[in-house]
Amino acid sequence: MSETAVVDRTAEVMTINVGPHHPATHGVLRLLVQLEGEVVKDLKPIVGYVHTGIEKSCEEKAYWKVIPFVERMDYLAYYFNMEAFCGCVERLLEIEIPERAKYLRVIHMELNRLHSHLVWLGTSALDLGAISMFWYCFRERDSILDLFEMSSGQRMHTRYFQVGGVMEDIPLGFERKVRAFLEEMPSRIDQYEALLDRNEIFLRRTKGVGIVSRERLLELGVTGPLLRAAGEPWDLRKAEPTLCYGDLDFKVPVGTVGDGYDRYRVRLEEMRESVKLVGQALDGLPEGPHITDDRKVALPPRHELSTSMEALIHHFKLVTEGFRVPPGELYYATESPRGELGCFVVADGSAKPARVHIRDPSFVNLQMLRDMSLDGYLADLIQNLAMLDPILGGIDR
Amino acid sequence: MGAGGTGLEIERASDLRVRQHRARDLLRGDLEGEELERYVEDRVLTTTLEKALTWARSNAMWPATFGLACCAIEMMSMVSARYDSARYGAEVFRASPRQADMLILSGRVSIKMAPVVRRIYDQMLEPKWVLAMGACSSSGGMFANYAVVQGADKFLPVDIHIPGCPPRPEALLHGVLKLQRMIQGKPDLGWRRRYNAEGTEEWAKELPNA
Amino acid sequence: MPDAVGLEVIAGELRERSEGSVLETSFERGSATLIVDPEPILSVLRWLRDWPEQRYTFLSSLHAADYLPAEPRFAVHYELLSMERAERLNVKALLPDPGGDDLPEIDSCVEVFPTADFQEREAYDFFGIRFRGHPDLRRILMPEEYVGWPQRRDFPVGGEPVIFTNTEREVPGWYR
């Protein structure tokens, strides 16, 4: 045998840049990809192109003013951002929110989960070439946004959750509209499945692609539908039930193989479960106040302002300075459509938080992109990115 | 029915008859002079070439896909079936800036992204327009901090600012339509003429010959 | 969460294994925190991950905080989760500010928990905490050439101090 090394002159490693301006990167994500032909040899995500300094800005604002900042992080799951922050502050203040507020929060959060998965499905199918899914999913998404607009006046970024409960009670007719939506939604999900489930091209592109083992995912800190698709049945709604998830009956879909097809199926089944959850929460919605009675935290109702002096003083103090939180720090986690969304707040006794940090699931999940795409084709990289469901607002904060 | 009704019909019928005769005359080559001119004027839209061009340009503006943050989702919603922007000419979102004429800056522009946006803008071919969608790209929005450029017009000429956080798709459509009317009204091409920025070009210094 | 008693048990076992690693324990508002010395942090984390009764195998979050007037100034928080028992434990490593241009240092836990990769880079980017042994410690969210540690408490929110027009005579042409 000859001693000289055989140089393979056909293998040439090329480093190319995908993004930040790219139609398929779901936001401004930049990937440095080393390609050998069409096979991905190495991958480095470069993020920070939509970094907004939200965590730093939050340190300058009173607690209730932080809520609009925090909800613009993961901009498809805004109710979950609000819940993580409000839940953390409520734990720090050691107040309990009323039952009606818990159920209202769950209704809005599950509708938001549906909304997030619909946008994911529309844009992912668009990346893979199934453009019709985009139109259908956005049609449903507009119905959900109509419901949000009915309850809070805004389509997106509604700042509906406040510390102590929700901002306002739902109007008359909201329940009827939600039930009408819930009646037609399962058949719409059936339509999506009919379009994609047995589509030969979709199956060939997603089956067996981007498989990462369950142990590796746990090492990488991945949570949410990505972890569940690989077979680990971990869902914070069942493991650490907060709000009223303990009273509701729902299943958690778990996949087997952990490829792109499993991720797709897990998210579709989660959409069905969300529909059931909203129905159950509506059925069990109790009467009562929608925000806590503690006047040191929540604004008094307006009719009291003309009669009660204490109410006027409380209102004044809350609006000008805001409520104070006793010193301490806490981490509180909730299950967002992408995984574990946690909020860490350091309170120093004043009306402004000393540190707000959001543990965003997309930021941590992005670390698995390299494992998913090594030794796959470039087209599979696009598919992996679609199934990963990254939201750059959450990654960059 | 009735005298008035039948009268009208007769009038229309006679008008129709007259038009038929005139059309037959034209085809035979019998119309001339003033009759011919009137015939042509009734049927042909005349306008200046500039107006026609701006009308065509404004009604077929193809946006470049430039979704940065939350406003991008509302922009996608504008494209979707309910608030269809295709009926106003923004038919396809072109991914390549070379093929697009409108840049909808939807979302907050961070300091890391600003040079990228500028480069994409420079790659677009004239004529091009920029819509700053939302509060963050118009003025920095609620984020008055170290990481966000306080308004895209710090480094780009912006034609229309659309307020909102995020603006409703109808608001975005209103902005697009306003841009169309603006284009039809002011047909100057080239942003340096539009913004009185002539004479501000910077040219690379001539290197001394060695 | 391990309750207050469980927390004391963990602290006791850790103190047995290595003297001086656990400085104090704190159990308030339902959350358990172990405050540790930054030097033996890797052995503490490894023990918490591997010991059969503990098995905190999942690192939920690694984040840093700046407690400026208080000393020690920085703290790195490790939010650990045991999936079998659905229990969370917060390990807090306190780091003093060395002063001047030096950066506070702590060992990187990427070998113990690979998920810490991006999160340690973020702590470095925003607070200037250097993680010894990290495979690729560079800025992740700010531009690579950025100077300054934005989320420290003494860094102004606007990136640069605001100069109003009535101070124009002191700093003429500040807008250029």
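The values are calculated or read from the model by the stated rules, or taken from the named source; none is laboratory data. This structure is a prediction, so every number in the text was calculated from the model and none was measured. Please note: Cβ atoms are built from the backbone with ideal geometry, for glycine as well, and neighbour counts cover all protein chains shown.
Condition (residue is more than 11 Å from every other protein chain (Cβ to nearest Cβ), farther than 19 Å from A:Tyr264 by Cβ and at pLDDT 90 or above) applied to segment A:112-134: is it met by at least one residue? Yes, the conditions are met somewhere in segment A:112-134. Checked against the criterion of being at the interface with another protein chain (Cβ under 10 Å from one of its Cβ atoms) and within 25 Å of A:Met271 (Cα to Cα), segment A:319-326 has no qualifying residue. With the structure loaded, tell me whether A:Leu312 is in a helix (DSSP H, G or I) and farther than 26 Å from A:Leu32 by Cβ or whether it fails that test. Yes, satisfied. Candidates are the residues of segment C:71-98 that are more than 15 Å from the chain's Cα centre (by Cα) and within 13 Å of chain A (Cβ to nearest Cβ); the one that is surrounded by the fewest Cβ atoms within 10 Å (Cβ to Cβ) is C:Glu84.
Filtered by the rule that a residue be of a type in the set (Ser, Thr, Tyr), in a helix (DSSP H, G or I) and in contact with a Pro (Cβ under 9 Å, 6 or more places away or on another chain), segment B:61-91 gives a lone residue, B:Ser77. When segment C:36-47 is filtered for residues that are surrounded by 21 or more Cβ atoms within 10 Å (Cβ to Cβ) and either within 17 Å of A:Gly342 (Cα to Cα) or out of contact with any strand residue (DSSP E or B) (no Cβ under 6 Å at 6 or more places or on another chain) (or both), only C:Leu45 remains. Taking (1) crowded, with 21+ Cβ neighbours inside 10 Å; (2) farther than 21 Å from C:Thr57 by Cβ; (3) among the aliphatic types (A, V, I, L, M); (4) without any contact (Cβ under 8 Å) to a residue 60 or more places away in the chain in turn, C:Leu103 satisfies each apart from (1).
Does A:Leu385 meet the test of being away from chain C (no Cβ under 11 Å), surrounded by 23 or more Cβ atoms within 10 Å (Cβ to Cβ) and either free of Cβ contacts under 8 Å to residues at least 24 places away in the same chain or part of a helix (DSSP H, G or I) (or both)? Yes: the conditions hold for A:Leu385.
Would you point out the residue of segment A:137-157, among those that are buried (at least 21 other Cβ atoms within 10 Å of the Cβ) and touching a residue at least 40 places away in the same chain (Cβ under 8 Å), that is farthest from the other protein chains (Cβ to nearest Cβ)? The selected residue is A:Ser151.
Within segment B:121-130, being crowded, with 19+ Cβ neighbours inside 10 Å and free of Cβ contacts under 8 Å to residues at least 60 places away in the same chain holds for B:Tyr121, B:Val130.
Here's the yes/no breakdown for (1) closer than 30 Å to C:Ile140 by Cα; (2) surrounded by 23 or more Cβ atoms within 10 Å (Cβ to Cβ); (3) touching a Gly at 6+ places or on another chain (Cβ under 7 Å):
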position	(1), (2), (3)
B:Glu35	no, no, no
B:Asn59	no, no, yes
B:Ala72	yes, yes, yes
B:Ser77	no, yes, no
B:Ser85	no, no, no
B:Phe93	no, no, no
B:Pro97	yes, no, no
B:Ser106	yes, yes, yes
B:Ser110	yes, yes, no
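Evaluated against (1) farther than 26 Å from A:Arg188 by Cβ; (2) touching a Pro at 6+ places or on another chain (Cβ under 8 Å); (3) surrounded by 21 or more Cβ atoms within 10 Å (Cβ to Cβ); (4) modelled with pLDDT of 90 or more, A:His315 falls short on exactly one condition, (3).
Going through segment A:88-105 one residue at a time, which ones are touching a Phe, Trp or Tyr at 6+ places or on another chain (Cβ under 7 Å) and buried (at least 22 other Cβ atoms within 10 Å of the Cβ)? Of everything in segment A:88-105, those that are touching a Phe, Trp or Tyr at 6+ places or on another chain (Cβ under 7 Å) and buried (at least 22 other Cβ atoms within 10 Å of the Cβ) turn out to be A:Cys88, A:Val89, A:Arg105. Give the residue that is surrounded by the most Cβ atoms within 10 Å (Cβ to Cβ), with candidates limited to residues of segment A:331-371 that are within 7 Å of chain C (Cβ to nearest Cβ) and basic (Lys, Arg). Looking at the filtered set, the residue picked out is A:Arg359. When you scan segment C:61-79, do you find a residue that is in a helix (DSSP H, G or I) and of a type outside the set (Lys, Arg), even just one? So far as segment C:61-79 goes, no, none of its residues is in a helix (DSSP H, G or I) and of a type outside the set (Lys, Arg). Taken over segment A:264-300, the residue count meeting the criterion of being more than 30 Å from A:His315 (Cα to Cα) and not small (Gly, Ala, Ser) is 17. A:Lys317 meets the conditions (1) assigned to a helix (DSSP H, G or I); (2) touching a residue at least 24 places away in the same chain (Cβ under 8 Å) in every case but one. The failed one is (2). For segment C:116-132, the condition of being part of a loop (DSSP other than H, G, I, E, B) and modelled with pLDDT of 85 or more holds for at least one residue. Restrict the check to segment A:350-364 and report whether at least one residue is in a helix (DSSP H, G or I), touching a Leu at 6+ places or on another chain (Cβ under 9 Å) and at pLDDT below 90. Within segment A:350-364, not a single residue is in a helix (DSSP H, G or I), touching a Leu at 6+ places or on another chain (Cβ under 9 Å) and at pLDDT below 90. Number of residues in segment A:167-196 that are touching a residue at least 24 places away in the same chain (Cβ under 8 Å) and not hydrophobic (A, V, I, L, M, F, W, C) equals 10. Selection of segment A:42-51 for residues being over 18 Å from the mean Cα position of the chain (by Cα) and either within 10 Å of another protein chain (Cβ to nearest Cβ) or crowded, with 24+ Cβ neighbours inside 10 Å (or both) yields A:Lys44, A:Pro45, A:Ile46, A:Val47, A:Gly48, A:Tyr49. Here C:Leu62 clears all of (1) surrounded by 23 or more Cβ atoms within 10 Å (Cβ to Cβ); (2) in contact with a Gly (Cβ under 8 Å, 6 or more places away or on another chain) except the condition numbered (2).
Return yes when C:Tyr67 is under 25 Å from C:Arg121 (Cα atoms) and within 11 Å of chain A (Cβ to nearest Cβ) and no when it is not. Here the answer is yes, as C:Tyr67 does meet what is asked.
Only residues that are under 19 Å from the mean Cα position of the chain (by Cα) and either facing chain B (nearest Cβ under 8 Å) or closer than 23 Å to B:Ser139 by Cβ (or both) were counted in segment A:54-80, giving 13.
The residue of segment B:59-107 that is farthest from the other protein chains (Cβ to nearest Cβ), among those that are among the charged types (D, E, K, R), in contact with a strand residue (DSSP E or B) (Cβ under 9 Å, 6 or more places away or on another chain) and closer than 16 Å to B:Lys128 by Cβ, is B:Asp101. Across segment A:194-230, the number of residues qualifying as within 13 Å of chain C (Cβ to nearest Cβ) and touching a Lys or Arg at 6+ places or on another chain (Cβ under 6 Å) comes to 1. The residue of segment C:108-120 that is surrounded by the most Cβ atoms within 10 Å (Cβ to Cβ), among those that are free of Cβ contacts under 8 Å to residues at least 40 places away in the same chain and at the interface with chain A (Cβ under 10 Å from one of its Cβ atoms), is C:Asp117.
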